[in-house]
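The values are calculated or read from the model by the stated rules, or taken from the named source; none is laboratory data. Treat the numbers as computed from the prediction; the structure is a model and nothing was measured. Backbone-built Cβ (ideal geometry, glycine too); neighbour counts: all protein chains shown.
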Amino acid sequence: MDGNPTHPATQWHLEAQKTKQPGKNELRLAAMAGHMQIDKIAARRAALIDLLADGRPHPREEIWETIAAQLDADCWGKVPQEALARDLAALRQGGIRIAYSRRPEVAGYYLQHPPVERPSSSQYESISWELIEAIEALTVAEKNRRAFAAADFALRQKKMLLAEEQPDWSDTVVERAARGLVFGQTGVLE
């Protein structure tokens with residue numbers, strides 16, 4: 001492959017080599033990587049897909065500069081606007097959903113589907129992917145034990161809160177009310 005590590009052909013070739021036994025998709029990636037070495041339009045379109053795959057809008061100027069830095073300065077030809085329009089039309093015809101945002105703070109082209117890879121986590125992310133992966137690794141028995149322990153903890157906490165908020169309720173009424181709130185039973189305070 002080309003010695004340029006930012007060239008899309010190099011990147012796609014590396015993706016194709018990640019598995020020990022190549023399947024159909026890996027063979028397709030390798031074939032496309034070879035084609036991109038000799039066809040600058042294919043390389044430019046692959047670089048465009050890779051750029052837009054990050055999930056955020058990119059203005060035309062940013063697209064031109066980023067891809068020219070990966071390939072070469074004249075990859076867009078004499079009229080970059082027309083080359084980009086042809087590339088976008090070809091990719092859309094191939095089924096890639098590319099849209100354009102006109103909002104001033106986020107103007108630019110973007111893919112209309114979520115990024116293929118999981119987004120990087122931030123301190124404000126509400127989903128902990130590490131926790132989800134850890135839970136998926138548990139056995140069914142361990143998952144059940146933890147679920148029942150969590151339910152028991154929630155029930156004990158709710159009983160304590162209700163007993164404090166409603167000191168005149170009997171233990172039976174507190175128990176029924178807590179179970180109704182935690183487990184969703186209806187008609188518990190009859």
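Please tell me if residue 143 is surrounded by 11 or more Cβ atoms within 10 Å (Cβ to Cβ), modelled with pLDDT under 90 and part of a helix (DSSP H, G or I).
Yes, satisfied.
Among the residues that make up the stretch 163-170, is at least one of them assigned to a helix (DSSP H, G or I), touching a helix residue (DSSP H, G or I) at 6+ places or on another chain (Cβ under 8 Å), modelled with pLDDT of 85 or more and of a type outside the set (Val, Ile, Thr)?
Yes; the residues of the stretch 163-170 include at least one that is assigned to a helix (DSSP H, G or I), touching a helix residue (DSSP H, G or I) at 6+ places or on another chain (Cβ under 8 Å), modelled with pLDDT of 85 or more and of a type outside the set (Val, Ile, Thr).
A quick yes/no check of all residues on (1) more than 17 Å from residue 48 (Cα to Cα); (2) touching a helix residue (DSSP H, G or I) at 6+ places or on another chain (Cβ under 6 Å); (3) at pLDDT 80 or above; (4) loosely packed, with under 10 Cβ neighbours inside 10 Å:
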residue	(1), (2), (3), (4)
78	yes, no, yes, yes
88	no, no, yes, no
103	yes, no, yes, yes
124	yes, no, no, yes
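Residues 23, 55: which one is surrounded by 11 or more Cβ atoms within 10 Å (Cβ to Cβ) and either at pLDDT below 80 or small (Gly, Ala, Ser) (or both)?
After applying the criteria, what remains is 55.
If residue 78 meets every condition in (1) assigned to a loop (DSSP other than H, G, I, E, B); (2) in contact with a Phe, Trp or Tyr (Cβ under 9 Å, 6 or more places away or on another chain); (3) farther than 20 Å from residue 106 by Cβ apart from one, which number is that one?
The failed condition is (2).
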